[in-house]
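The values are calculated or read from the model by the stated rules, or taken from the named source; none is laboratory data. Predicted model, so just to flag it, every value in this text is computed and none were measured. Positions of Cβ are generated from backbone atoms using ideal geometry, with glycine treated the same way; all protein chains shown enter the neighbour counts. Keep in mind that these areas ignore ligands, DNA and RNA; they rest on the heavy atoms of the full protein, side chains included. Shrake-Rupley method; radii C 1.70, N 1.55, O 1.52, S 1.80 Å.
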Amino acid sequence: MELHQLTIHELQEKIRGGGASALQIAESVFSRIDAVEDRVHSYIRLMKKEAMAAAVRADEQIKKGDIQPLTGIPVALKDIVCTQGIPTTCGSHILHQFVPPYNATVVEKLAAAGAVFVGKANMDEFAMGSSTETSSFGPTRNPWDLERIPGGSSGGSAAAVAAGECIASIGSDTGGSIRQPAALCGVVGMKPTYGRVSRFGLIAFASSLDQIGPFTRDVEDCAIMMNVLAGYDPKESTSVRAEVPDYRRFIGRDIQGWRIGIPGEYFIEGIDPEVSAAVRKAIETVRQCGASIVEISLPHTRYCVAVYYIIAPAEASSNLARYDGVRYGLRTADARDLAEMYEKTRMQGFGAEVKRRIMIGTYALSAGYYDAYYGKASQVRALIRRDFDEAFTKCDAILTPTSPTPAFRLGEKTDDPLQMYLSDIFTISANLAGIPGISVPCGFSASGLPIGVQFLTGHFEEGRLLQVASAYEKSAAVEKRRPSL
Amino acid sequence: MDFETIIGLEVHAQLLTDTKIFCNCSTKFGASPNSHACPVCLGMPGVLPVLNKKVVEYAMKMALATNCTINPRNVFARKNYFYPDLPKGYQISQYAYPLAEHGYLMVEANGEQRKIGITRIHMEEDAGKLIHDDNNPASYVDLNRTGVPLIEIVGEPDIRSPEEAAEYLRRLHEILVYLEICDGNMEEGSFRCDANVSIRPKGQKEFGTRTELKNMNSFRNVQRALEYEVKRQQYLVENGEKIIQETRLWDDAQGATNPMRSKEEAHDYRYFPDPDLVPVVVDEAWVAEIRAGLPELPQARRERFVNEYQIPAYDAGVLTSEKALAEYYEEVVKLCGRPKIAANWVMGDVLKFLNEDKRSIRECPIAARSLADMIGLIEEGTISGKMAKEVIADMYATGKTPRGIIEEKGLVQITDEGELAKTIAAIIEANPGQLADYRGGKEKLFGFFVGQVMKATQGKANPKLVNDLLRKMLAE
């Protein structure tokens, strides 16, 4: 097997045993990129020069015996995390030349852990989308079927891991933007608890929902990445001072006697029959692991999408006000006065989906409408959170489908925003409640498209989440396939 | 028609923290443009605010000093609007859940003491500054002021006259400066005031249509602008015209208020809780700690000065108008034990010198110890009051101690009876005509002899001793 196909822990063994150098790993990844990137388009920007230099430094460290958790591991960064001196676009024309003078906290942490950054991964513009089609740099394609979307908004990060264009990657998840593309690309993707991973340097979409998390090839790699990413950050007020356990310890533990909750509200009509079958099989697998299956209810589930599409655009309308052409980013060339500069800059800089959400959000916060929309949505959000609190008194983890369908075709939903919004129907609730969720591959459709199953646990229970995901992964032993690119 | 004036004031005060409210940039005024501006100030993508705890403490001090109730959980909110001096496209302020509410201040104006309500005090960040190029059609943005902490003190519409408004502002200003949380500089904008004003026929309950006044950068201008605006509104009503609800700018040179372009105020701020900041939780222990650390406030200190030092209310008012001045005075009193005399020297000579040089009491070259010593020297008769005038001027000019100056200049008073008697005898002998007239009943000539003695002794003779000796010797 080639180096670019391996997991973090497999590569770590090779590095320790002298079976591979960081430079060899980086070269393997970049030759893979040379072979497939023009078809997949996972990246907005590659960082080959920096990556090769980092790999050489990693090898020097390895020689000295100073091996950090990610030493020599090629990692892709969603182009929403700021990288000092490296353009960071957020998939938007308005930031196409923006070069941050600072690193996101996660970038600092990954660098300190020895990661080699491969490039900045493609994404829906400002993370608004579920297919990576709203990127102003063109869509990313699903490595399993190039006519299909990889999911989104972190589609580039998911596709890069699936296609062998990196070993692991970073995404961000506001309503499912890690878990849904992970499911659609056949990789593992986790959204941690809100407050678990610092948002400093993460370009904001909806601040109360955004959370950074990893894409990996298996659950153990996810634990390795979480060990690096998690923790309090004094630069971020909503980051939480909660103890960070060694997540790797949870890998391989059984789930004997666990109660796994199945919310009836998530097994609805309209869900793809192959997805439904794969997830039912996953429930069976979990039962065979010694867990009991309990039916639970999350009664406010049907409001999740509506609540999300008030709160997220409302926050976005405010978060995106800073792109005004005054200090950085795009400024229109032809404006006669201030109002025209604002209007033209934003008209030219933002794509259609971003404009749509800015308008929805502005409306939802307007005088006379606030109470009916934002105010009401915030109240219902509290009820959704309470649903989960109550559910977790009856079960240890919840199992649901990650996405109602496997990857759809490019262009299939671009003219129908509501249909597009529904592809996050099972993932949004975790963001509204702030709880962690993970998507793990659970099979393939007849046409060979990956399907994912989602597990959810209570706040700051990432350890237990990894435990149930890894127990499932081991027991399910989903066929190891690779996309034929 | 008889009208009643209704005024409510909104005051913005810059807090004197070393660093900004949401980042570590310096708050220093006057630095070169954008030298105190980091990615947080610039509203760059992905950067986040972290609240400066000092700001909360300073704001709590003001809240407690104005009898407010502190909300145990208060929330920062975003005020959304576009302007080039507002980097994020929103100002972080407080809206539905401010830091403090329901306060008041006692204000004395027109011989009447009244309670003026304070609706709320909240924390927020200041915006940047636009600098317009006179030669080019261009404007520049300076973000040094962005993120400088402010408190907004929103007053109830309880004020009934422009004089009372000015007085209320003076009291607020005095407290802010006393608490050492604001430098109070109105010209540099550390203390800014907007006024809402309306009139209504006496006896009517409903408020009239109000106008908002801006751009008044002194207490006097606030009063003048309000006086003008009240007259303008009365004129409109008396002539059957309508008052338009609008924002008006005070024009100092013109002595009038003019409407601001209405386009600039058509805002829907779309306030909502800032998801980047967690609610500020203030427990009772924290409130107690801040309360315990409050200094004696000006009003309380004034009353104490009147009672403890037996000085007139006017003197107490002057001496407590500034915290450092009050402390200076108290130090002098503590060292010399003469409150009234100390008050006269501080209010008279010391303040006169300082005012002439536009210096603050903190920069006063006369140490409290020196002034107390000088008062002591007068009391014990070493120098006369007249000599002291010269001594204190020298103390101010050189910073030297009174004893040093007296020795240097040989200013010590002649209190030696024998020596003085000799001088007096010589003067009497040299002026036989005046002596005869005096003895003949022209008592006014006593002054002539005193003058001669003082002249002969270059003013060093102890006046009391001169009087006593002269009276005795002229009578002999």
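Here are the numbers for this structure:
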read-out: Positions within segment A:230-267 being open to solvent by less than 40 Å² (accessible area, probe 1.4 Å), farther than 21 Å from A:G463 by Cβ and out of contact with any Pro (no Cβ under 9 Å at 6 or more places or on another chain), in sequence order; value: A:E236, A:I262, A:P263
read-out: Options B:F3, B:F82, B:F29: the member that is in contact with a helix residue (DSSP H, G or I) (Cβ under 7 Å, 6 or more places away or on another chain) and more than 14 Å from chain A (Cβ to nearest Cβ); value: B:F3
read-out: Some residue of segment A:68-87 being part of a loop (DSSP other than H, G, I, E, B), more than 22 Å from the chain's Cα centre (by Cα) and more than 28 Å from A:L202 (Cα to Cα); value: no
read-out: Top-ranked residue in segment B:92-119 [being buried (at least 21 other Cβ atoms within 10 Å of the Cβ) and out of contact with any Gly (no Cβ under 8 Å at 6 or more places or on another chain); ranked as farthest from the other protein chains (Cβ to nearest Cβ)]; value: B:V107
read-out: Hits in segment A:26-50 (condition: among the aliphatic types (A, V, I, L, M) and farther than 17 Å from A:E2 by Cβ); value: A:I44, A:L46, A:M47
read-out: Evaluation of B:P295 against (1) assigned to a loop (DSSP other than H, G, I, E, B); (2) open to solvent by 50 Å² or more (accessible area, probe 1.4 Å); (3) in contact (Cβ under 8 Å) with a residue 24 or more places away in the chain (one fails), failing number; value: (2)
read-out: Selection from segment A:302-338 of residues that are at the interface with chain B (Cβ under 8 Å from one of its Cβ atoms), assigned to a loop (DSSP other than H, G, I, E, B) and without any contact (Cβ under 8 Å) to a residue 60 or more places away in the chain; value: A:D324, A:V326, A:R327
read-out: Residue count for segment B:370-388, restricted to those that are touching a Leu at 6+ places or on another chain (Cβ under 6 Å) and either open to solvent by 10 Å² or more (accessible area, probe 1.4 Å) or assigned to a helix (DSSP H, G or I) (or both); value: 2
read-out: Residue list for segment A:339-376, restricted to those being buried (at least 16 other Cβ atoms within 10 Å of the Cβ), away from every other protein chain (no Cβ under 11 Å) and among the small types (G, A, S); value: A:G349, A:G351
read-out: Filtered residue count, segment A:72-95, keeping only those that are more than 13 Å from chain B (Cβ to nearest Cβ) and open to solvent by 10 Å² or more (accessible area, probe 1.4 Å); value: 3
read-out: Residue among A:E10, A:E37 that alone is farther than 21 Å from A:D218 by Cβ, modelled with pLDDT of 95 or more and surrounded by 14 or more Cβ atoms within 10 Å (Cβ to Cβ); value: A:E37
read-out: Matching residues, segment B:345-368, being surrounded by 15 or more Cβ atoms within 10 Å (Cβ to Cβ) and not in a loop (DSSP other than H, G, I, E, B); value: B:W345, B:V346, B:M347, B:D349, B:V350, B:L351, B:F353, B:L354, B:I361, B:A368
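For every residue, the table says whether it meets (1) open to solvent by less than 10 Å² (accessible area, probe 1.4 Å); (2) within 14 Å of chain B (Cβ to nearest Cβ); (3) within 24 Å of the chain's Cα centre (by Cα); (4) among the β-branched types (V, I, T).
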residue: A:Q379; (1), (2), (3), (4): no, yes, no, no
residue: A:A397; (1), (2), (3), (4): yes, no, yes, no
residue: A:S403; (1), (2), (3), (4): yes, no, yes, no
residue: A:I425; (1), (2), (3), (4): no, no, yes, yes
residue: A:S429; (1), (2), (3), (4): yes, no, yes, no
residue: A:S439; (1), (2), (3), (4): yes, no, yes, no
